[in-house]
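Comments concern the structure below.
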Amino acid sequence: MPELPEVETTRLGISPHIQGQTVNNVIVRNKNLRWPVPSAIKRILPGKTLLSVSRRGKYLLLEFPNGVLLIHLGMSGSLQVVNNDTRPRKHDHVDLCFANDLCLRLHDPRRFGSVLWTTEQPKHHKLLKDLGPEPLDKTFNGQYLWQLSRKRRVSIKQFIMDSHNVVGVGNIYASESLFRAGIHPRRAAGKVSLERYKLLARAIKTVIRAAIKQGGTTLRDFTGGDGQPGYFKQRLNVYGRKGEACRQCGKAVSHCVMGQRATYYCTHCQK
Ligand SMILES: [Zn+2]
């Protein structure tokens with residue numbers, strides 16, 4: 001599943017080719033994504049210039065003078081920029097063709113992704129209005145997490161993976177950040193100290209920043225190749241390392257399932 005760092009890498013990869021360009025044509029080969037792709041975009045977008053490509057959580061926001069196209073990659077979606085005459089492959093569902101002969105193409109085998117049009121302020125859109133802060137934003141810090149978590153009995157892992165609290169902390173990033181901060185994933189969120197939350201906020205920023213940086217240097221050419229997203233191969237401390245030696249203390253890394261998600265931690269280093 002594309003996580004926040006992959007979405008941010010996608011944004012950085014596609015923007016230089018399409019920002020400032022005018023849409024010529026919109027092709028919808030299959031509108032049956034998670035929600036139907038609004039057929040009105042075929043009429044509304046041609047002749048309009050793409051002003052900016054931004055991101056909120058895992059949504060890409062393509063801003064036009066008359067509204068915003070919201071794109072979510074779902075479980076298996078990816079975007080690439082191809083020449084207008086590039087033949088579509090199977091699962092290439094939506095094309096935004098621009099006057100510079102390039103085309104932004106959405107590929108999504110499992111069709112859990114979405115393409116939606118809104119004329120309201122994106123921050124008021126029902127899919128975005130309840131999202132917590134961006135992890136790399138200054139407003140996201142230890143004080144914020146500590147304040148928000150008082151009296152909360154939910155586990156710290158579930159707490160930081162809840163997008164109402166902060167966006168973009170996927171399962172791998174949650175395990176890795178909790179390890180770095182020395183917090184046991186089952187600890188009640190309300191029982192974690194301010195000092196630990198400061199470490200945790202810093203750890204979350206570090207792992208997400210590293211993933212974005214790696215995405216920018218290792219992965220894919222957005223104007224060619226297969227445009228397939230993949231997990232960034234970060235050096236992981238605990239995730240996927242059940243039974244292997246903890247890099248910090250040498251004891252075996254533990255594994256459990258929490259909220260149906262694989263969870264990895266060190267019982268010695270995380271309390
Ligand atoms: Zn350890």
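The values are calculated or read from the model by the stated rules, or taken from the named source; none is laboratory data. All values derive from a computational prediction rather than experimental measurement. Glycine also receives a Cβ, built like all others from the backbone with ideal geometry; neighbour counts cover every protein chain displayed. What goes into the accessible areas is simple: the full protein's heavy atoms, side chains included, and nothing from ligands, DNA or RNA. Shrake-Rupley method; radii C 1.70, N 1.55, O 1.52, S 1.80 Å.
Only residues that are touching a residue at least 24 places away in the same chain (Cβ under 8 Å), more than 17 Å from the chain's Cα centre (by Cα) and open to solvent by 10 Å² or more (accessible area, probe 1.4 Å): list them for segment 124-145, please.
Result: HIS125, ASN141, GLN143, TYR144.
Give the number of residues within segment 39-67 that are in contact with a Lys or Arg (Cβ under 8 Å, 6 or more places away or on another chain) and either touching a residue at least 12 places away in the same chain (Cβ under 8 Å) or assigned to a helix (DSSP H, G or I) (or both).
9
Name every residue in segment 159-175 that is at pLDDT 95 or above, under 16 Å from LEU4 (Cβ atoms), in a helix (DSSP H, G or I) and touching a helix residue (DSSP H, G or I) at 6+ places or on another chain (Cβ under 7 Å), in order of residue number.
Selection gives ILE160, MET161, ALA174.
Looking only at segment 71-90, filter to residues that are hydrophobic (A, V, I, L, M, F, W, C) and assigned to a loop (DSSP other than H, G, I, E, B); which one of those is surrounded by the most Cβ atoms within 10 Å (Cβ to Cβ)?
Looking at residues that are hydrophobic (A, V, I, L, M, F, W, C) and assigned to a loop (DSSP other than H, G, I, E, B), I get LEU73.
Could we say that ASP95 is at pLDDT 95 or above and outside any loop (DSSP other than H, G, I, E, B) here?
So ASP95 fits the description; yes.
Out of all the residues in segment 260-270, which are near the ligand (Cβ under 8 Å from one of its atoms) and touching a Leu at 6+ places or on another chain (Cβ under 9 Å)?
Scanning segment 260-270 gives a single hit, GLN270.
List pairs: first in segment 13-34 and basic (Lys, Arg), second open to solvent by 40 Å² or more (accessible area, probe 1.4 Å), Cβ under 6 Å, 6+ apart or cross-chain?
Close Cβ pairs satisfying both conditions: ARG34/PHE112.
Looking only at segment 148-158, which residues are crowded, with 24+ Cβ neighbours inside 10 Å and either under 17 Å from VAL7 (Cα atoms) or not aliphatic (A, V, I, L, M) (or both)?
LYS157
If VAL28 meets every condition in (1) open to solvent by 10 Å² or more (accessible area, probe 1.4 Å); (2) out of contact with any Asp or Glu (no Cβ under 9 Å at 6 or more places or on another chain) apart from one, which number is that one?
All conditions pass for VAL28, except number (2).
Do any residues in segment 247-260 that are at positive phi have Cβ atoms under 8 Å from those of residues that are near the ligand (Cβ under 10 Å from one of its atoms), where the two are at least six apart or on different chains, and which pairs are they?
Listed by first residue and then by second, the contacts come to nothing, as the list is empty.
Of everything in segment 239-259 that's surrounded by 12 or more Cβ atoms within 10 Å (Cβ to Cβ) and not in a loop (DSSP other than H, G, I, E, B), which residue is farthest from the ligand (Cβ to nearest atom)?
MET258
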